[in-house]
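Data first, discussion second: the structure below is written as structure tokens.
The values are calculated or read from the model by the stated rules, or taken from the named source; none is laboratory data. These numbers come from a predicted model, not from an experiment. Neighbour counts are summed over all protein chains in view; Cβ atoms, including those assigned to glycine, are modelled from backbone coordinates with ideal geometry.
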Amino acid sequence: MERSTHRVRACSLREVPPGTARRLDTLPRIAIFNVNGTVYAVEDVCAHEFAVLSEGHFDGISVECPLHMSRFDVRTGEPLCLPATEPLRTYKVEVIDDDVFVHIETGGHN
């Protein structure tokens with residue numbers, strides 16, 4: 001099955017002001033973060049062990065896993081400290097007028 005990308009409306013820009021995060025009701029699990037007016041999207045599950053990152057502490061640039069305190073840069077998905085060593089998956093974000101859209105890849109594996 002071929003993979004494709006779908007653009008999904010996440011929310012209005014007003015619903016995710018700078019310095020805040022928002023969990024999306026999507027599969028895969030995705031969270032969006034507003035870093036100084038730029039919105040980023042990453043998978044909402046810690047790369048180390050299952051924990052919902054959007055429930056962790058977001059300091060404006062990085063999010064801390066609520067389970068084992070791993071931190072991730074939400075702009076790149078890169079882990080900033082142990083125990084996580086693998087990056088988070090990132091997603092393309094578009095802001096059109098006041099709407100935030102996330103591009104989600106769907107489809108089968110090759």
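Quick check on T38: is it of a type in the set (S, T, Y), within 14 Å of V100 (Cβ to Cβ) and at pLDDT below 95?
Answer is no for this residue.
Of all the residues in region 35-48, those that are at positive phi and surrounded by 15 or more Cβ atoms within 10 Å (Cβ to Cβ) number 0. The selection criterion, being touching a Gly at 6+ places or on another chain (Cβ under 6 Å) and over 26 Å from T5 (Cα atoms), does not hold for G56.
Among the numbered conditions (1) crowded, with 16+ Cβ neighbours inside 10 Å; (2) touching an Asp or Glu at 6+ places or on another chain (Cβ under 9 Å); (3) of a type in the set (A, V, I, L, M), the only one that V52 does not meet is (1). Of all residue pairs spaced 6 or more apart or on separate chains, those with beta-carbon atoms under 6 Å, a first member in region 49-60 that is on the phi > 0 side of the Ramachandran plot and a second member that is small (G, A, S) are G60/G19. Looking at I32, is it of a type outside the set (S, T, N, Q), touching a Pro at 6+ places or on another chain (Cβ under 8 Å), part of a strand (DSSP E or B) and surrounded by 14 or more Cβ atoms within 10 Å (Cβ to Cβ)? When the stated conditions are applied, I32 does not pass them.
The test for being among the aliphatic types (A, V, I, L, M) and closer than 26 Å to T85 by Cβ holds for V45. On the given criteria, is T20 at pLDDT below 95, among the β-branched types (V, I, T) and within 17 Å of V102 (Cα to Cα)? Against the criterion (at pLDDT below 95, among the β-branched types (V, I, T) and within 17 Å of V102 (Cα to Cα)), T20 does not qualify.
Apart from one condition, L80 fits all of (1) more than 18 Å from L24 (Cα to Cα); (2) out of contact with any Lys or Arg (no Cβ under 7 Å at 6 or more places or on another chain); (3) not basic (K, R); the exception is (2).
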